[in-house]
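Here's the structure we're looking at; comments come further down.
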Amino acid sequence: MLQNLCYTITFGVDELSGTVLTETEDVLKTKFHLKMEYGGDFKPPLMGKRDNQLLADGMLFHLSRVKPANAIAGLGITPFDIYSDGLNFVFGIASPVVRCAIVSYHRLASYNRELFISRVRKEITHEMGHVFGLKHCTYPGCVMNFSNSLYEVDLKSEDFCPNCRKKLEKALKELGVLE
Ligand SMILES: [Zn+2]
Ligand SMILES: [Zn+2]
């Protein structure tokens, strides 16, 4: 039986991992009604390694394989820069099919701790939105706005627009996360 768990792993840890995991736990709880279950630190899959970047798709595949059957979703977090097929870099990727996402905070770094935290929260929320079937949204400020640069990440808010929120609630209800 599915439980309200998001199986969360790291692909590498650094001095920011503790902060990122604390924020992740809070985002999963407050926005998705999920409990973070930390599954430990995994060695990033070596396949697809390119100029110190890791292939996000390989990590997503790995996560989908280790995610316990009772966890409703999986999330992998990494300090490494990641890319995906055809893209120079990505902040994250997600698959609603296996309900897993990968988020890199490599490019979210800032000397301003509050700014870093807000970027991390936005990107986790965004990718987890995709996990539950949300698409990109053009509503001003919606966290599901597509962002291809830090500038665009900083422009959007941490929250879903009313339409995306409704869709998310519907998906969470269908999965039994929400009553
Ligand atoms: Zn997206
Ligand atoms: Zn929206």
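Bear in mind that the values in this text are calculations on the coordinates, not laboratory data. Everything numeric here is computed off the predicted structure, so don't read it as measured data.
Okay, helix-only estimate at 222 nm for the chain: each DSSP H run of n ≥ 4 adds -39500 (n - 2.57), divide by all residues, round to 500 deg cm²/dmol; what do you get?
-11500 deg cm²/dmol
Apply the Karplus parameterisation 6.51 cos²θ - 1.76 cosθ + 1.60, with θ equal to phi minus 60°, to every residue of the stretch 4-10 and state each ³J(HN,Hα) to the nearest whole Hz, in sequence, with x for glycine and proline.
With coefficients 6.51, -1.76 and 1.60, one gets 6, 10, 10, 5, 10, 10, 10 Hz.
Express as a percent, rounded to the nearest 5, the fraction of DSSP beta bridges in the stretch 28-179 (both residues included) that run antiparallel.
If I count the DSSP bridges inside the stretch 28-179, around 45 percent turn out antiparallel.
Only helices at least 20 Å long along their own axis, judged from Cα atoms, and with Kyte-Doolittle mean hydropathy of -1.0 or greater: name those in the chain from DSSP H.
Result, helices passing both filters: 17-32, 113-131.
Restricting to Cα pairs below 8 Å that are 6+ residues apart, what does the relative contact order work out to for the stretch 82-166? Please round to a whole percent.
Reported relative contact order: 23 percent.
Considering Cα pairs under 8 angstrom that are at least six residues apart, work out the relative contact order of the chain and quote it in whole percent.
19
Computed over the Cα atoms, what is the radius of gyration of the stretch 1-72 divided by 2.2 N^0.38 Å, N being its residue count?
1.19
Give me D for the chain in µm² s⁻¹, whole number, from Stokes-Einstein with Rh from the Kirkwood sum over alpha-carbon pairs, 37 °C and 0.692 mPa s.
204
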